[in-house]
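Here's the structure, in structure tokens; my notes come after.
The values are calculated or read from the model by the stated rules, or taken from the named source; none is laboratory data. Keep in mind that what you see is a predicted model, and the values were worked out from it rather than measured. Cβ placement follows ideal geometry from the backbone for every residue including glycine, while neighbour counts extend to all protein chains displayed.
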Amino acid sequence: MRKLPHIGDTKTIKQAIGKPTAKLYRFLRLDWKWILLRSSIGFIYLWFGVLKFFQDLSPAEELARTTLTALCFGLIPEPVCYLLLAMLETLIGLMLLLNMFVAKTIKLTFVHLLGTFIPMLIQPEIFFKDFPFSITLVGQYILKNIVILCALLILYPHKNNKRTKSGYSTASK
């Protein structure tokens, strides 16, 4: 019976699946995946944040303003809240793109993303079309944040996963 190759054994892999496939395998093992994932989330945050600085450019403007007004109980003027949100999202995007303070930025992003689910609780009519099975376009816009949360969990650097504060592996290739 033929023994399966060990994951890190490229010589055995070449023999088992051929040289071009082994090159592809090594390429897919590179750390650029972590950089690309972190950068893509950073780009999305930067884009959405910058849009909020200009009136009527953000597709989520009305949703964000309504939610912020409800969260601040009217104590902070809505334009100030919205400006702070724009600054927060832009900052998160820049920090992820520039690979700065990744762990702290991811924690801040978790808090922000948890806040994006609040409209589902305070305005269920804009989230659900036919509860609980059919959701609106706004609901889909909010629900996609689950994917970003999961990606951030993967990117979060901690001691046990051999990843550094920069958000990608330092293991030898």
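Structure data summary
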item: Counted residues, segment 93-118 - those being surrounded by 21 or more Cβ atoms within 10 Å (Cβ to Cβ) and at pLDDT below 95; result: 1
item: Where a residue in segment 98-126 is within 15 Å of residue 86 (Cα to Cα) and its partner, wherever it lies, is assigned to a helix (DSSP H, G or I), with Cβ under 6 Å and at least six apart; result: 109/92; 109/152; 113/145; 113/149; 116/142; 116/145
item: Filtered residues of segment 68-86 (kept if closer than 17 Å to residue 109 by Cβ and touching a residue at least 24 places away in the same chain (Cβ under 8 Å)); result: 85, 86
item: Search result, residues across segment 52-65 that are in a helix (DSSP H, G or I) and touching a residue at least 24 places away in the same chain (Cβ under 8 Å); result: 63
